[in-house]
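A.B. asks: This is the structure I have questions about; it appears just below.
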Amino acid sequence: MNHHALALKFHSFSPQYALSLSNFTLHSPNPLQFRVPNVSSSPVSLRSRSSAADVSPVRYTDVSSSSSIGSLGGTGGVVVAEKRIDVATLGNLCVDIVLSVDELPPNSRGERKALMDELSLSPPDKKYWEAGGNCNMAIAAARLGLQCVAIGHVGDEIYGEFLLDVLHEEGIGTVALDGEAANAKDASSFCETLICWVLVDPLQRHGFCSRADFKEEPAFSWITDLSDEVKMAIRQSKVIFCNGYDFDDFSPSFIMSTIDYATKVGTAIFFDPGPRGKSLSKGTPDERRALSHFFRMSDVLLLTSEEAESLTGIKNPVKAGQEILRNGKGTKWVIVKMGPKGSVLVTKSSVSVAPAFKVEVVDTVGCGDSFVAAIALGYIRDMPLVNTLTIANAVGAATAMGCGAGRNVAKRHHVVDLIKASKLNDEESLLKELLAENPETPKVNLLSKGMRKEGSNKQQIEIISMEKVVSELLPELELGRCCVKTSS
């Protein structure tokens with residue numbers, strides 16, 4: 001597997017959220033320990049940290065007693081008639097710890113490893129901890145009113161306790177992915193919660209490192225099979241979200257079996273390769289095979305314009321999306337994220353375009369995760385495609401206005417404020433770029449801030465006014481249909 005011991009990301013960062021290394025001493029911790037009770041196989045309960053005052057944990061219906069919709073494609077897979085969970089996330093559950101440093105770690109692998117080991121001796125104050133990885137997407141989705149469950153592995157230590165507490169407070173259930181680690185070298189460390197040290201230098205540059213960067217195999221390679229509990233969670237979810245970092249957690253064979261099972265039971269697969277996509281495309285044969293399987297079998301693919309070009313060799317985002325659709329087996333949507341320009345949603349019959357919102361960007365961490373949460377909302381609620389892109393752009397922009405991810409991702413009232421303000425970037429240059437050298441583009445649905453006349457024109461461009469989209473989105477957001485907690 002190709003590992004990146006240190007990935008640098010350059011964007012603004014607010015230093016008051018970071019802890020200086022000089023502010024804490026390194027000594028052996030006395031961690032709080034907890035044990036998660038065993039989960040019975042039928043019916044399946046969500047792993048939770050509920051107390052007597054909490055709402056009772058969600059319980060899945062036993063599939064054997066549920067009505068079903070027959071088999072899928074002759075595979076014998078049964079679709080549960082009532083999928084009670086909106087979104088499940090697969091793996092990539094970690095705790096981010098943000099620290100201010102005088103300089104980013106050196107290039108030497110050994111020196112970086114020594115620094116990480118030193119940092120790991122004693123945890124800093126919890127106020128510098130944050131839920132990371134796929135927790136970002138799950139939290140954003142829950143704040144939009146979706147029922148979410150995080151499938152993954154966390155350890156029985158203070159970091160795992162923190163992660164479960166954060167997810168529970170956000171109304172997100174968890175299903176444990178556990179396996180047999182007895183044969184793993186240094187089994188205790190293999191079972192620990194993943195920690196990502198986010199190091200920030202005076203120039204606001206970020207360096208990321210975790211123990212996964214120093215392993216020659218995935219962090220949880222000892223997880224080889226889908227348990228009955230995990231299968232039930234996938235079976236009862238409308239969408240399962242996966243990203244490229246899942247390859248840092250699990251073996252390619254485990255990932256492929258998860259894709260196949262989700263397809264079998266009619267759960268839509270959302271896949272965002274992210275920064276790992278490029279290295280995976282040059283990875284081991286098994287990694288490349290699993291990555292190709294994602295691109296063939298996913299219902300919804302999310303890529304940046306750079307990733308779409310790298311995958312297809314086509315610079316035009318619309319043409320690239322169309323090429324990806326042609327090569328996919330079950331792909332329904334290809335979404336290309338174009339940063340401050342906006343986003344594009346390509347289907348076999350149409351192209352939808354929404355310019356980005358004008359905001360003052362503070363931190364881009366978590367923007368992509370927030371964006372995909374809103375795409376899942378539109379997919380599940382069967383929203384018009386332009387509406388789906390609009391709310392996704394708004395959620396991503398609202399996250400960019402804050403600092404950091406996890407519990408700092410967009411809150412509902414921030415999204416409402418952005419949609420009400422309706423300040424969009426230029427649509428003309430975006431449309432010109434998308435339609436350049438692409439005369440055979442099917443019908444284009446364009447979100448307009450009002451400078452164009454609504455309706456179709458001779459170029460097969462359907463103009464959809466921002467005023468119309470706002471009138472359709474705000475009732476759902478303001479009346480709480482997209483909100484679990486009024487504080488969100």
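The values are calculated or read from the model by the stated rules, or taken from the named source; none is laboratory data. Just so it is clear, the structure is predicted and the values come from calculations on it, not from any experiment. So basically every Cβ, Gly included, is an ideal-geometry build from the backbone, and we count neighbours across all protein chains shown. Heads up: the accessible areas ignore ligands, DNA and RNA and are worked out on the full protein's heavy atoms, side chains in. Shrake-Rupley method; radii C 1.70, N 1.55, O 1.52, S 1.80 Å.
A.B. asks: What's the number of the condition residue 208 fails, among (1) open to solvent by 30 Å² or more (accessible area, probe 1.4 Å); (2) among the aromatic types (Phe, Trp, Tyr); (3) assigned to a helix (DSSP H, G or I)?
C.D. replies: (3)
A.B. asks: Follow-up question, since we're still on this one. Of everything in region 379-416, what is part of a helix (DSSP H, G or I), small (Gly, Ala, Ser) and more than 15 Å from residue 138 (Cα to Cα)? Give them in sequence order.
C.D. replies: Result: 394, 397, 398, 400.
A.B. asks: Under the condition of being among the acidic types (Asp, Glu), surrounded by fewer than 17 Cβ atoms within 10 Å (Cβ to Cβ) and farther than 11 Å from residue 249 by Cα, which residue from region 211-235 is modelled with the highest pLDDT?
C.D. replies: 228
A.B. asks: Given the conditions (1) open to solvent by less than 50 Å² (accessible area, probe 1.4 Å); (2) touching an Asp or Glu at 6+ places or on another chain (Cβ under 7 Å), report the number of the one that residue 241 does not fulfil.
C.D. replies: Of everything listed in (1) open to solvent by less than 50 Å² (accessible area, probe 1.4 Å); (2) touching an Asp or Glu at 6+ places or on another chain (Cβ under 7 Å), residue 241 misses just condition (2).
A.B. asks: Please work out if residue 353 is open to solvent by less than 30 Å² (accessible area, probe 1.4 Å), touching a residue at least 60 places away in the same chain (Cβ under 8 Å) and part of a strand (DSSP E or B).
C.D. replies: On the way: open to solvent by less than 30 Å² (accessible area, probe 1.4 Å): yes; touching a residue at least 60 places away in the same chain (Cβ under 8 Å): yes; part of a strand (DSSP E or B): yes.
For residue 353, the condition - open to solvent by less than 30 Å² (accessible area, probe 1.4 Å), touching a residue at least 60 places away in the same chain (Cβ under 8 Å) and part of a strand (DSSP E or B) - is met.
A.B. asks: Consider region 178-203. How many of its residues are modelled with pLDDT of 70 or more and in a loop (DSSP other than H, G, I, E, B)?
C.D. replies: Number of matching residues: 7.
A.B. asks: Within region 76-99, can you find the residues that are hydrophobic (A, V, I, L, M, F, W, C) and either within 15 Å of the chain's Cα centre (by Cα) or modelled with pLDDT of 90 or more (or both)?
C.D. replies: 85, 87, 88, 90, 93, 94, 95
A.B. asks: Do we have any residue at all in region 303-315 that's over 30 Å from residue 233 (Cβ atoms) and buried (at least 23 other Cβ atoms within 10 Å of the Cβ)?
C.D. replies: Yes, there is a match, as at least one residue in region 303-315 is over 30 Å from residue 233 (Cβ atoms) and buried (at least 23 other Cβ atoms within 10 Å of the Cβ).
A.B. asks: Kindly list the number of the only condition in (1) at pLDDT 85 or above; (2) within 23 Å of residue 168 (Cβ to Cβ) that fails for residue 391.
C.D. replies: Every condition holds for residue 391 apart from (2).
A.B. asks: In region 316-350, what residues are closer than 20 Å to residue 276 by Cα and either within 19 Å of the chain's Cα centre (by Cα) or open to solvent by 70 Å² or more (accessible area, probe 1.4 Å) (or both)?
C.D. replies: Passing the criteria: 334, 335, 336, 337, 338, 339.
A.B. asks: Let me ask you something else. Step by step: first the residues of region 251-302, then only those that are of a type in the set (Lys, Arg) and more than 15 Å from the chain's Cα centre (by Cα), then the one that is least open to solvent (accessible area, probe 1.4 Å). Which residue is that?
C.D. replies: 264
A.B. asks: Restricting to region 314-338, and then to whatever is of a type in the set (Val, Ile, Thr) and outside any loop (DSSP other than H, G, I, E, B), can you tell me which residue is farthest from residue 444 (Cα to Cα)?
C.D. replies: 324
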